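One structure is given below, encoded as structure tokens.
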Amino acid sequence: MEHLLAVARRFAPRGEVLEVREHGSGNVNDTYLVTVGLARTCSRGEPGAAAEARFILQRLNTAVFRRPESVLANLAIVTGHVQPRLKLLDLGPGRRFEVPRLLLTIDGGDHVCDAAGSCWRALSFIDGAVTFDVVRDLNHAREAGHALGLFHHLLADLPPHLLADTLPGFHVTPGYLRQYDEVLAAGTAPKADGVDYCRRFVEERRGLAPVLEKAKQQGSLNLRVIHGDPKINNVMVDNASGLAVALVDLDTVKPGLAHYDIGDCLRSGCNPLGEETETWEEVRFEPDLARAILEGYLPWGRRFLTDWDYAYLYDAIRLLAFELGLRFFSDYLAGDVYFKARHREHNLARALVQFQLTGSIETQADAIRAIIRDLA
């Protein structure tokens, strides 16, 4: 704990660090909430009542983000682009929207490297808001769609080439399939329950993997600036109103297809049992939630989506669920080298959830496509 306090103090030049505690449920970075005590002064310069401020402290997983300086640079570019546009945008009564800002160290840097080689950064804390690991209701789903649509709208005119590709191959499903094949070829798969099912599931859907990449290569889909990980627990909603106020965890912001984001948002937001459920057989994709998410997204998305974009929306929803299941399963077979795992079968259990979700999407393909047509 003393080490955490020492790092936090590097980002708190105007106060005393009172507390550092774990925050959130991310699968990659280590995240902490820092509370700082600030001394107020009265109008005559005398000591006044104490106040507190909070910020987010994160240790970037450099095994995943091998160029942390690019992650930080991307965040600075995105923040600088979004802030002036937000000031000019009328969000409607009772609405606000924030983007986490990088906080500087006491010597003006944007990160701290400790003796162990870990890279730490600090972000502004968004007050009066909370995240949930699973979708709560239709309004929550609609707000998740609103947050993603607004985020895409704010960045629609930012040229993608200005951002570094911090995760080459991220959401490129054929690449994940090659990695899966390499893991299988490197050794014998464990004999745990569910392994054979997962292997069969992947084999039956190999042809699904390149659908978005082929569309990109053919020029049907174009690169945009994307969030990269807009799952339900990265959407912050106001404590009082339930309205979306932020889309957080911007480490994966980079050039990509909007379909990666839309598909991932729907994959996450339309599964009321969540990614961590132990009853994977009961997982189901809920079309009513899909409609709500798209109702929130499309008032913004219609401003930039093309006919080809709409044509591939169903493929994106199906693919992103399959892709995450493939990634979880590959990581399980490789020994849990990417995603944090609480026990040896954790990533296998996560894979089963996503594959069950994929199957549910497939059985409701007509209904999902009809929703897309109705709202386009």
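Here are a few things to note about the model shown:
- Karplus 3J(HN,Hα) series, Hz, for region 119-134 with 6.51 cos²θ - 1.76 cosθ + 1.60 (x for Gly, Pro): 9, 10, 9, 10, 10, 4, 8, 8, 7, x, 9, 8, 10, 10, 6, 10
- Here the Karplus relation 6.51 cos²θ - 1.76 cosθ + 1.60, evaluated at θ = phi - 60°, turns the backbone of region 174-187 into coupling constants of x, x, 5, 5, 5, 4, 4, 4, 5, 5, 4, 5, 7, x Hz, with x for every Gly and Pro.
- Cα gyration tensor shape for region 200-355, rounded if a/c is under 1.5, else prolate or oblate: oblate
- Sites excluded, trypsin sites (Lys or Arg not before Pro) in DSSP loops with at most 13 other C-beta within 10 Å, longest stretch of the chain: 192-301
- Nearby lysines by direct alpha-carbon distance to residue 254 (threshold 28 angstrom, same-chain neighbours under 8 apart not counted): 87, 214, 216, 231, 340
- Cα Rg, Dmax (largest Cα-Cα span) when computed across the chain, Å: 21.4, 75
- Region 95-126 and region 166-210 have Cα centres spaced 35 Å apart.
- Candidate lysines - alpha carbon under 20 Å from residue 191, same-chain residues fewer than 8 apart omitted: none
- Mean residue ellipticity, 222 nm, helices only, the chain: the sum of -39500 (n - 2.57) across DSSP H runs of n ≥ 4, divided by residue count and rounded to 500, is -13500 deg cm²/dmol.
- GluC sites (Glu not before Pro) lying in DSSP loop within region 269-367, provided at most 15 other Cβ fall within 10 Å: 276, 278
- With Cα atoms as the point set, the radius of gyration and Dmax of region 310-357 evaluate to 12.1, 40 Å.
- Acute angle (nearest 10 degrees) that the helix 68-88 long axis makes with the longest principal axis of the chain, alpha-carbon atoms: 80
Rule-based calculations on the coordinates, nothing more; no lab input. No experiment lies behind these values; they were computed from the predicted model shown. Counting neighbours? That spans all protein chains shown, and the Cβs are built from the backbone with ideal geometry, glycine included.
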